[in-house]
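**Student:** What follows is a structure written as structure tokens; I'll ask about it next.
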Amino acid sequence: MIKNISIKNYRSCLDTDFKLHPELSVLIGPNSSGKTNVMNALLLLKKLTEESPLFYSRDVEPTGHCKLKSTITIDNVKATLWADIDTYTDADNTDIVITSDQYWNIQQLTGNNKRVKLPLSVARELTRLTRAADTRFISYYQRRISFDALEQISKEIPGPVRDFLGKIALDLAQIRYYSASQFTNPANCPVSFELEKEGKTTRAPRLTGHAKFLFDLYNSRKRPKGSGYWQFIDIIGPNGIGLVDDISFNEITTSSVHHSVRIGGTVTERRKKNILVIPQFKIGKNALSPNQLSEGTFKTITLLFYLITEPSQVLFIEEPEVCVHHGLLSSILELIKTYSNNKQIVISTHSDFVLDMVQPDNVYVVTNLPDEGTKIHHIPKRLSRRELGALREYLRTEGNLGEYWRAGGLE
């Protein structure tokens, strides 16, 4: 769980502190207040677990430098991270971590306040390395972390500390972020996708975006009854919110022939079997391709699928109200609140309807002043005890939090 984060010099976050709610945090504020910047800064914790592409570090000058300080807990053990990060922002406005210096304090394990230097990407790979049984897998990581480096880390950092930081790295690597527009255009969704089959092994080529969602949906349905997929089907089906009646996948076996020329001019022929997978969403008497679904239906299906089936313990959702009518949004928010009992969820919103369904303890007001940048104010901390008591009484007897916000009560 991410307990808090301090962000310095990241976009509009000049000096921003955010103490996250352990279950559900709701960020509200006008456009350009910095809500998305805060969530992207949190996403840097995930990016620190990934190895920077070599061509970025060789050929690209950093476009930004920021500092993060974050406290993270696992199994009631607390670790504090200090990170200096150089980033490059690409043409899609995505930040790539080029270099970083990362230091940790884990007093409960070390017994002192000395900082330990261990990048999350290295901690993650060390954990993978110790779990690997396949020598090819081990060899792959040995090319990136030399035996000398491993031996040095083993000498300098005690095993329990390495193992604990490995757990943190694996958890942070699973962070998921769903932007407001990520799944709002079903027209971008293919009507089918293809799998490669060799013997009993079936694998998917590299899939991204909408195609990856279809493959994840197809793949997860093979899991046992009672798993996340079947819970998802119950929720979106006729006995739940009624988005669709059923989801099915038609499979057609195809084949292709590949020729290659060896040295000497010998031509070899290789036959390859593929599986063409055609998903269909049944609504009433109609069987629809995914690109025939409405924007709100498609976005809701994808969001709920990942909310229910993803193993991620931390989830960021930007503007869940986009393309969704109030009745459906109410169901989505109830599910988000339910799953926030087991996952730490952060959402941003412009919707007063969203505020109507949460408590003041969950809400954070985001502002942006020219000289101060983005600031985050937790409602219980922003109001005096008397004001907070009056707000709770108002919510109990008269109105709701969305109305209070519209009337300027949270400004």
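The values are calculated or read from the model by the stated rules, or taken from the named source; none is laboratory data. Bear in mind the structure is a predicted one, so any value in this text is a computation, not a measurement. All Cβ positions, even for glycine, are placed from backbone atoms using ideal geometry, and neighbour counts span all protein chains on display.
**Student:** Looking for something surrounded by fewer than 22 Cβ atoms within 10 Å (Cβ to Cβ) and in contact with a Lys or Arg (Cβ under 6 Å, 6 or more places away or on another chain) - is there at least one such residue anywhere in the range 11-32?
**Tutor:** yes
**Student:** So, LEU293, is that one surrounded by 15 or more Cβ atoms within 10 Å (Cβ to Cβ) and under 23 Å from LYS212 (Cα atoms) or not? Explain how you work it out, then say what you get.
**Tutor:** Values: surrounded by 15 or more Cβ atoms within 10 Å (Cβ to Cβ): yes; under 23 Å from LYS212 (Cα atoms): yes.
Here the answer is yes, as LEU293 does meet what is asked.
**Student:** Which number in (1) within 17 Å of SER179 (Cβ to Cβ); (2) touching a Gly at 6+ places or on another chain (Cβ under 9 Å); (3) not hydrophobic (A, V, I, L, M, F, W, C) marks the one condition that THR94 misses?
**Tutor:** Result: THR94 passes all but (2).
**Student:** Taking into account only those residues within the range 87-104 that are of a type in the set (D, E, K, R) and within 21 Å of the chain's Cα centre (by Cα), which is surrounded by the most Cβ atoms within 10 Å (Cβ to Cβ)?
**Tutor:** Filtering the range 87-104 for residues that are of a type in the set (D, E, K, R) and within 21 Å of the chain's Cα centre (by Cα), the one surrounded by the most Cβ atoms within 10 Å (Cβ to Cβ) comes out as ASP95.
**Student:** Which of the numbered conditions does LYS282 fail, given that it passes all the others? Conditions: (1) surrounded by fewer than 17 Cβ atoms within 10 Å (Cβ to Cβ); (2) at pLDDT below 95.
**Tutor:** That leaves (2) as the condition not met.
**Student:** If I filter the range 268-285 for residues that are closer than 30 Å to VAL346 by Cβ and in contact (Cβ under 8 Å) with a residue 24 or more places away in the chain, do I get at least one hit?
**Tutor:** Keep residues of the range 268-285 that are closer than 30 Å to VAL346 by Cβ, which gives 281.
Checking the rest, the ones that are also in contact (Cβ under 8 Å) with a residue 24 or more places away in the chain come to 281.
Looking for residues that are closer than 30 Å to VAL346 by Cβ and in contact (Cβ under 8 Å) with a residue 24 or more places away in the chain, one finds at least one in the range 268-285, hence yes.
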